[in-house]
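Everything below concerns the one structure shown next.
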Amino acid sequence: MTIPPPLGLLAELTHRCPLRCPYCSNPLELARLAAELDTATWLRIFREAAELGVLQLHLSGGEPALRRDLPELIRGAAAAGLYTNLITSAVTLDAARVTALAEAGLDHVQISFQDADPSSADRIGGYAGGHAKKLIAAAAIRVAGLPLTLNAVVHRQNLERLPEMIELALALGARRMEVAHVQYYGWALANRDALLPTRAQLDAATATVDAARARLKGQLTIDYVVPDYHAARPKACMGGWARSVMVIAPSGRALPCHAAESLPGFDFPNARIQSLQDIWTNSEAFNRYRGTAWMTGPCAGCPNAEIDFGGCRCQAFALTGNASNTDPACALSPHHALLADALETATQPHFTYREPGRAPGG
Ligand code: SF4
Ligand code: FES
């Protein structure tokens, strides 16, 4: 069987980050600086990705701008023919740094915002003064002529200000906005009771997005997906396991999704010592949940199997203890009631912040 190449490579350059967001998707055990891949290895990985057929390189983290070699990495990726997208909190980006990245060949920047209200944004990100720094960086990005996407991570403690977040995207000159509901694994699962939106909040947000899409047609594109805990069918997580994206963790570990390290019983291959082509095509980890042949229970033979690919393996494991189960976000899952139960008990106002070397609750 020929396996189509991934369209995107998500390069997690580092797990280091000045922010401490309580919904971070990084693993609970964060990779230390000493374990990060060096410049030459990343550049070799980018060349291999382009040869494999990858078109888009997403430079992510942690905070990728903490890598001093970021301009060199972007230059190498551009030389390999990859479209480069920087996914950043932007709190370390000043005008000189933005200019250097643009001159290196950066194609696009995506900045995450925690809220439209500065004090709430700084509280959620666990970083005083962060919101103001993001505004300065966003202005520099527009001056440099780089296209900007505003990524608004929304949840119970900021959804009321979604209209203001849309206005912020417009004011900053973003052409695209992602209204991204929190996904519940890693730190977010530990903070689920503080983050899950109510049904009323969700309905108001959906109406806000619908109205803004109509009003801002041609001016601002808004991506929006209903969150799993209020849905009857799951999303095709990552577009399906090992179908269109490969993730490389800071240590070089190759993963089919950014949360895969939470799954037990895997021996993930490492791009330090194995080619991307070999990993993508032959590794057991990438083949385990590829396609639909692995499915059991309600997914097996389901007409949606080729549409949502059974949802999210990491969510299935986090909530049921078995990554091979149907994602409980699906109403056909025998575990679907777990989500409604979580919505009923979600009343916690305090966060457990992301910290290296500390598990939630520890
Ligand atoms: Fe998707 Fe499985 Fe639910 Fe069918 S049973 S809709 S394949 S998650
Ligand atoms: Fe791992 Fe969804 S995050 S499969």
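The values are calculated or read from the model by the stated rules, or taken from the named source; none is laboratory data. Predicted model, so just to flag it, every value in this text is computed and none were measured. No Cβ is skipped: glycine too gets one built from the backbone with ideal geometry, and neighbour counts run over all protein chains shown. All accessible areas refer to the heavy atoms of the entire protein, side chains included, with ligands and DNA or RNA removed. Shrake-Rupley method; radii C 1.70, N 1.55, O 1.52, S 1.80 Å.
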Distance from the Cα centre of the stretch 33-67 to that of the stretch 318-345, in angstrom?
34 Å
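Work out the FRET efficiency for T41 and E167 from their Cβ-Cβ distance, taking R0 = 56 Å, and round it to the nearest 0.05.
Values: r = 42 Å, r/R0 = 0.76.
Result of the calculation: an efficiency of 0.85.
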Provide the solvent-accessible area of E344, counting protein heavy atoms only and rolling a 1.4 Å probe, rounded to the nearest 10 Å².
150 Å²
Wrap a convex hull around the Cα atoms of the stretch 1-95, take a quarter of its surface area, and give that in square nanometres.
7.4 nm²
Two decimals, Cα atoms only, Kirkwood Rh: what is Rg/Rh over the stretch 85-147?
0.99
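Figure the gain on full extension for R142 and T347 (residue separation times 0.36 nm, minus the Cα-Cα span) and round it to one decimal in nm.
Working: separation 205, 0.36 × 205 = 73.80 nm, distance 3.94 nm.
Roughly 69.9 nm would be gained on extension.
Could you look at the stretch 58-100 and say what percent of its accessible area is carbon and sulfur, using a 1.4 Å probe and all protein chains? Could you put the intermediate results ahead of the total?
Details: 830 of 1520 Å².
Roughly 54 percent, rounded to a whole number.
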Residue-normalised 222 nm signal for the chain, counting each DSSP H run of n ≥ 4 as -39,500 (n - 2.57), nearest 500 deg cm²/dmol, is -9500 deg cm²/dmol
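Between rounded, prolate and oblate, where does the stretch 304-352 land on the alpha carbon gyration tensor, with a ≥ b ≥ c its root eigenvalues, rounded for a/c under 1.5, else prolate if a/b exceeds b/c?
Numbers: a/c = 2.40, a/b = 1.94, b/c = 1.24.
Taking the square roots of the gyration eigenvalues as a ≥ b ≥ c, the stretch 304-352 is prolate.
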Calculate, axis by axis, the spread of Cα positions in the stretch 181-235 along the three principal axes, and write the results as whole Å, longest axis first.
38, 22, 21
Average accessible area per residue (Å²) across the chain - probe 1.4 Å, nucleic acids and ligands excluded:
41 Å²
log₁₀ of I(q)/I(0) at q = 0.13 Å⁻¹ - the stretch 73-179, Debye sum with one point per alpha carbon:
-0.46
Cβ-based charge dipole, the chain, positive-most Cα from V143, N325, G239
V143
Mean-square fluctuation check for the chain, GNM, Cα pairs under 10 Å: which of I307, I248, I273 is largest?
I273
One finds the C-alpha centres of the stretch 125-204 and the stretch 238-304 to be spaced, in Å, by 29 Å
Which value, in debye to the nearest 20, gives the size of the charge dipole of the stretch 27-103 about its Cα centre, when Lys and Arg are +1 and Asp and Glu are -1 at the Cβ?
60 debye
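With loop defined by DSSP as not H, G, I, E or B, and exposure as at most 15 other Cβ atoms within 10 Å, which is the longest segment of the chain clear of exposed trypsin sites (Lys or Arg not before Pro)?
Details: sites that count: R32, R68, R175, K217, R272, R358.
The segment 69-174 is the longest one with no such site.
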Rg to Rh, two decimals, where the chain supplies the alpha carbon set and Rh follows Kirkwood
0.94
Cα-only Debye scattering, the stretch 148-191: base-10 log of I(q)/I(0) at q = 0.14, 0.31 Å⁻¹
-0.37, -1.07
Set of lysines near K235 by C-alpha distance (under 29 Å), chain-local residues within fewer than 8 positions excluded
K217
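Going highest first, how would you order 330-342, 53-65 by mean Cβ packing within 10 Å?
In decreasing order of mean packing, 330-342, 53-65 become 53-65, 330-342.
Quote the FRET efficiency, to the nearest 0.05, computed for E306 versus E160 with a Förster distance R0 of 35 Å and r equal to the Cβ-Cβ distance. Mind showing how you got there, number by number?
On the way: r = 38 Å, r/R0 = 1.09.
Computed FRET efficiency for E306 and E160: 0.40.
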